[in-house]
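Inspection log for the structure reproduced underneath, given as structure tokens.
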Amino acid sequence: MERAYFTIEDDFDAIIRENLANVVEVQKIPTGWTNYVFIATTGADTRYIFRFPRNDFWVDCLSKEVAFNRFVRGKVKVVTARQTIHRDKGRIFSKHRMIPGVVLQEAYPTMTDRQKQRLAVDLADYIADVQSINLDGVESQMASDFLCRLAESTDNGDYDFSKMDRLRQMEAVRCPCHGDLNPGNIILDKRGRLKAVLDYAFVAYSSDIHDLARIIGRLPSDFYRPMVDEFEARTGKKVDRDDLGYLVELWRYVEIDYIKYMARCHKDVELPKF
């Protein structure tokens with residue numbers, strides 16, 4: 001049976017040029033954990049993002065992401081990618097025009113305290129918008145189930161699934177969440193304001209503080225207080241600090257496990273050190 005995903009041996013340059021006219025440069029993004037990711041620049045100096053799934057799990061996630069990008073447009077105040085699905089030998093990949101702006105992960109070290117405070121307001125508003133969305137009729141599941149499926153896809157026998165037990169209890173709230181609200185998925189404008197949120201592959205029902213935990217767990221500690229304060233102000237929900245700390249540490253565990261898998265099976269990726 002032919003595989004549905006891509007490998008490092010595929011001729012991505014050729015595939016991209018077959019699906020985009022006037023390509024002058026193709027550049028691989030070395031931090032693509034879930035997909036092989038490329039930026040293609042055309043003669044008109046327009047840039048496009050191409051994403052090619054690395055395994056069967058991410059094939060399913062890419063289809064879900066593209067569909068949810070269409071669904072969420074107009075339901076949140078930020079820009080979403082206008083992805084389209086394409087095929088090569090029956091295998092799906094996606095293409096979208098690159099959204100201008102600065103990735104939060106790169107911008108944060110030089111942001112002023114005022115910009116960080118304003119960002120906290122913007123992110124709290126975004127989380128509140130997501131939580132107000134009715135997910136009926138779209139593909140969704142519990143985040144704990146999704147993260148367990150992610151662990152199973154890495155084929156790693158030492159993953160401790162009992163770490164999800166507390167999250168399952170917290171998910172009784174059943175609140176819509178982005179699922180992976182990390183600084184690499186957040187685009188800012190020139191003023192440092194929230195412009196776009198990318199990558200809806202993890203979208204799910206979960207605890208109402210799931211997205212809050214994800215973002216504060218991936219940014220320096222000086223963002224903790226303003227982000228939690230604005231979340232409480234915008235959503236009207238009091239945050240249990242113990243639950244928040246648990247979720248931050250759970251995500252750290254999930255990421256470290258996935259990093260081990262990537263280091264073992266996808267040596268082309270630049271991985272962070274924890």
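The values are calculated or read from the model by the stated rules, or taken from the named source; none is laboratory data. All figures in this text were calculated on a predicted structure; none of them were measured in a lab. Here Cβ is always computed from backbone atoms with ideal geometry, including for glycine, and neighbour counts include all displayed protein chains. Just so you know, the surface numbers come from the protein's heavy atoms only, side chains and all, with ligands and any DNA or RNA stripped out. Shrake-Rupley method; radii C 1.70, N 1.55, O 1.52, S 1.80 Å.
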Round to the nearest 10 and report in Å² the accessible area of THR110, as given by a 1.4 Å probe over the protein chains' heavy atoms. 120 Å²
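Mind listing which chymotrypsin sites (Phe, Trp or Tyr not before Pro) in the range 59-126 are in a DSSP loop and have 12 or fewer other Cβ atoms within 10 Å? Write out the running numbers ahead of the final one.
Numbers: sites: PHE68, PHE71, PHE93, TYR126; in loops: none.
Within the range 59-126, no chymotrypsin sites (Phe, Trp or Tyr not before Pro) qualify (loop, at most 12 other Cβ atoms within 10 Å).
Using a ≥ b ≥ c from the Cα gyration tensor of the range 1-146 (square roots of the eigenvalues), is it rounded, prolate or oblate, where a/c under 1.5 gives rounded and otherwise the larger of a/b and b/c decides, a/b for prolate?
Numbers: a/c = 2.00, a/b = 1.30, b/c = 1.53.
Here the range 1-146 falls in the oblate category.
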So how much slack lies between ARG114 and LYS28, counting 0.36 nm per residue of separation and subtracting their Cα-Cα distance, in nm? 27.5 nm
Trypsin sites (Lys or Arg not before Pro) restricted to the range 81-182 and DSSP loop, no more than 16 other C-beta within 10 Å: ARG82, LYS89, ARG174
Which percent of the accessible heavy-atom area of the range 1-137 goes to carbon and sulfur, probe 1.4 angstrom? 48 percent
Largest-first ordering by accessible area, 1.4 Å probe, given options ILE8, ILE133: ILE8, ILE133
Accessible area per residue of the chain at 1.4 Å probe, in Å²? 48 Å²
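Which residues make up the longest stretch of the chain clear of GluC sites (Glu not before Pro) that lie in a DSSP loop with no more than 15 other Cβ atoms within 10 Å, not counting the sites?
Counting only loop sites that pass the neighbour cut-off, the longest clear stretch is 140-269.
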Counting only the heavy atoms of the protein chains, how much of ILE29 is accessible to a 1.4 Å probe, in Å² to the nearest 10? 50 Å²
Please find the FRET efficiency linking ASP165 to GLU139, where r is the Cβ-Cβ separation and R0 is fixed at 22 Å, and quote it to the nearest 0.05. 0.35
Run the dipole for the range 165-224 about the Cα centre, Lys and Arg Cβ at +1, Asp and Glu Cβ at -1, nothing else charged, and hand back the magnitude in debye, nearest 20. 200 debye
Cα lying deepest toward the dipole's positive end in the chain, options PHE146, THR80, PHE161, charges on Cβ: THR80
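Given Cβ point charges of +1 (Lys, Arg) and -1 (Asp, Glu) and nothing else, what value in debye, to the nearest 20, does the dipole of the range 153-274 about its Cα centre take?
Values: 20 positive and 22 negative charges, 82 e Å.
For the range 153-274, the charge dipole is close to 400 debye.
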With Cα springs under 10 Å, the Gaussian network model of the chain assigns the largest mean-square fluctuation among PRO100, PRO109, PRO53 to PRO109
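Rounded to the nearest 20 debye, what is the charge dipole size of the chain about its Cα centre when +1 sits on each Lys and Arg Cβ and -1 on each Asp and Glu Cβ?
My answer is approximately 840 debye.
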Share of Cα-Cα pairs in the chain beyond 28 Å, whole percent, is 36 percent
